[in-house]
Amino acid sequence: MSQYNADSIMVLEGLEAVRRRPGMYIGSTGSRGLNHLIYEIVDNAVDEHLAGFCTEVRVVLEPDGSALVEDNGRGIPVDMHQKGVSAERVIFTTLHAGGKFDQNAYKVSGGLHGVGSSVVNALSAWMKVQVKKDGKVYEDSYEKGIPSTELKDGLLPAVGKTKETGTVIRFLPDREIFEQTRFREELVRERLHETAYLNPGLTLRFENLRDGKEPEVFHEPEGIVGYVKRLNQGKEPVSEIISVRGREENIETEIAFQFHSGFEELILGYCNSIHTAEGGTHLTGFKGKFTALMNTYARELGILKEKDDNFTGADTRCGMTAVVSVRHPDPMFEGQTKTKLGNADASRAVAAVTGEELTLYFDKNLDTLKAILGKAETSAKIRKTEMKAKNSLLSRQKFSFDANGKLANCESRDPSKNEIFIVEGNSAGGSAKSARDRKYQAILPIRGKILNVEKASMDKVLANAEIKSMIQAFGCGFSEGYGNDFDISKLKYDKIIIMTDADVDGAHISTLLLTFFYRFMPELIAQGHVYLATPPLYKAIPKKGPEEYLYDDQALLQYRKRHKNFILQRYKGLGEMDAQQLWETTLNPETRLLKRIEIEDAAGAAAVTEMLMGSDVGPRRQFIHDHAREAQIDA
Ligand code: TSJ
């Protein structure tokens, strides 16, 4: 029997390899990897669109947990391919079969992408393929990647007639492989919408029959211009949306960008409609040329004088939101997650289009050019002020001898054993000072609202008294991002413990502190030095037996089940506890509960801070109120 020839053995070995180490092919077996299966299949339809033969794609999340993906392309080839097997079979059972069939000029392939339908097939409990072409409907099916439909002379059986063409794939992810088999609706939706922006001629339909929601249609005829419009929603524009395109070295480049009144830079890169999260050559080409162009114009216009330094790249992109999309016939994806474009020709092509097309644009739109250069000037000014403030603080620090009177330091000089508690409020600070273990525990009380560092410029941040005393106490300096003025080896404490009341203000202060660490000392968090103290919410005093501290409402619920007769004392703030109680509940390393802050927590805090600092005070108060308790409980 030809079933047992060398080819089918290779196929089986391939499938087995995928099932043995699925992470190698789809990144993970969690919900990211699971969703990846859908994208992997959809990408094939996008390829067909890029080849010029497909205008619609439909994705359905079915009630039984399977997914359906359908396009109106030419239909996967079903004719005899090699050694008596239909081409369709080869595509779905051979690893990396894609390339052999793709005559498309641009394909969504390389790296994690385009690992192919055979991988999805191998990781599915079942897969059903329907191909409509040449007036016929063909069907095939698989279980765990192994064919379960019998071929007739190596060809797929035709099950009906049709005038349409296209491909329909249905598959159910295998529960034996995935920890999680529920597709994440919002992620699928977001991805399809993104695909619509990058392929303005394509219509993508999305239906979630699982949860019985209304079908959605993503069609974005404005393309990446529409994408930039959406990204800048709610921001105050400083320029119109500028869009340019061009073709160089067989690479198509399309760029859209707009400046807003803020300071953030957001540049999204795509190659063949794959988001290049790690950036790459297309972005370096764009940025490099844009910086050079802006500096040339700034000198021509006399905005920069002969003695002035050039604007930095970051200056010229201050407040820029951009989408850079290239179509490359043979993309190379590199980097940790294979999302960094590596082709050197993409850098040259994007730079050429940027230079030529933007020169044409700015020569005609002087006002826009001046507005953009104005932003670069502001950025350069802030940068210089910040540098001065930073230098003066750093040099002062070297000579100042604990200028901060409020810090109650510990006696030990062994950083690996020392802890510093940052305590909100003076009364709590007072009892913490008497309650602590003087040998290893330092107390730094902070008062009032520390400055919001998310929005403030660096010189304002550093002028803030609370921040200054923190930087001084820690001893390791600071820098924006992972810069080199920060030296973690000089850190004087192994644990930095934030201790605030379990109320609205407390939650706000810990959010602001985390935002500060995230922005100026991210390594502290990354290396696990930052913690939240979790003082109890209640003390339960039973008729008989010992008193017990309860740290959250869950604990109270449990306690109620075990005890009928007790008095419940509710702590409103740290200041309510006496020194002994504070020691027992919050300071004593033997009995306390600490929550280590992960970098994601801090990033979340920074994002929350960003949101809270909008101009509307109403929802901000509400948000703090709604989440204050929760922030303490999961601590
Ligand atoms: F729809 C879909 F997303 F589920 C899906 C569509 C899934 C997969 C695995 C493939 C496709 C698909 C493939 N849609 N359209 C095609 N087209 C081809 O494979 C094709 C058809 C004809 C020719 C030709 O040269 O005649 C070449 C190719 C590559």
Positive-end residue, the chain charge dipole about Cα centroid, Cβ charges, pick of Pro331, Gln569, Gly52 | Gln569
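To the nearest 20 Debye, how big is the dipole of the chain about its Cα centre, given +1 on the beta carbon of each Lys and Arg and -1 on that of each Asp and Glu? Intermediate results must be reported in sequence, preceding the final value.
Details: 83 positive and 91 negative charges, 390 e Å.
With only Lys, Arg, Asp and Glu charged at Cβ, the dipole is about 1880 debye.
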Ile443, Ile382 arranged by Cβ crowding within 10 Å, fewest neighbours leading | Ile382, Ile443
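Sort Asp367, Asp47 so the one with the fewest other Cβ atoms within 10 Å of its own Cβ comes first. It would help to have the intermediate numbers written out before the result.
Values: Asp367 9, Asp47 24.
Least crowded to most crowded, the residues run Asp367, Asp47.
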Under-5 Å amide H pairs with Arg74, H placed in peptide plane, nonlocal only | none
Taking the alpha-carbon centre of each part, the distance from the stretch 519-593 to the stretch 331-360 in Å is 55 Å
Projected onto the charge dipole of the chain (unit charges on the beta-carbon of Lys, Arg, Asp and Glu, signs +1, +1, -1, -1), the Cα from Leu293, Leu268, Leu373 with the largest positive-side position is that of Leu373
For the chain, find the longest principal axis of its Cα atoms and tell me its angle to the long axis of helix 344-364, 0 to 90°, nearest 10.
-> 80 degrees
Radius, Kirkwood style, for the chain when every pair of distinct Cα atoms is counted (Å) | 28.8 Å
Rounded to the nearest 10 degrees, the helix 426-435 long axis (Cα) sits at an angle to the longest Cα principal axis of the chain of 80 degrees
Computed helical MRE - 222 nm, the chain, DSSP H runs ≥ 4 contributing -39500 (n - 2.57), nearest 500 | -12500 deg cm²/dmol
On a 0 to 90 degree scale, rounded to 10, what angle separates helix 185-198 from the longest Cα axis of the chain?
-> 60 degrees
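So if the hydrodynamic radius of the stretch 146-217 is defined as the Kirkwood radius over C-alpha pairs, what does Stokes-Einstein give as its diffusion coefficient at 10 °C and 1.306 mPa s, in µm² per second?
Working: Rh = 16.1 Å.
Answer from the Stokes-Einstein relation: 99 µm²/s.
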Quick one: which residues, 5 or more positions from Ser86 or on another chain, have an amide H under 5 Å from its amide H? H modelled 1.01 Å from N in the peptide plane, none for Pro or chain starts.
-> His81
When the charge dipole of the chain is computed with +1 on Lys and Arg Cβ and -1 on Asp and Glu Cβ about the Cα centre, the Cα farthest towards its positive end, among Gly430, Ala605, Asn418, belongs to Gly430
Mind listing the long-range amide H neighbours of Glu265? Cut-off is under 5 Å, sequence gap 5 or more, other chains count too, H placed in the peptide plane at 1.01 Å from N.
-> Gly319
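In what sequence do Ser347, Ser31 fall when counting other Cβ within 10 Å, fewest first?
Values: Ser347 21, Ser31 16.
If I rank by nearby Cβ atoms, fewest first, I get Ser31, Ser347.
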Vicinal HN-Hα couplings computed from phi for the stretch 301-315 (Karplus, 6.51 cos²θ - 1.76 cosθ + 1.60; Hz; Gly/Pro x) | 8, x, 6, 9, 8, 4, 6, 6, 6, 5, 5, 7, x, 4, 4
log10 I(q)/I(0), Debye, Cα-only the stretch 462-502, no solvent, q = 0.19, 0.21 Å⁻¹?
-> -0.65, -0.77
Rounded to 5, the percent of DSSP beta bridges in the chain classed as antiparallel | 70 percent
About its Cα centre, the stretch 219-305 carries a charge dipole, from +1 on Lys and Arg Cβ atoms and -1 on Asp and Glu Cβ atoms, whose size in debye to the nearest 20 is 280 debye
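Computed from the coordinates by the stated procedures, all read-outs in this text should not be read as laboratory data. Note that the coordinates shown come from a computational prediction; the quantities given were computed from them, not determined experimentally. Methodologically, a virtual Cβ is constructed for each residue, glycine included, from the backbone with ideal geometry; neighbour enumeration extends over all protein chains shown.
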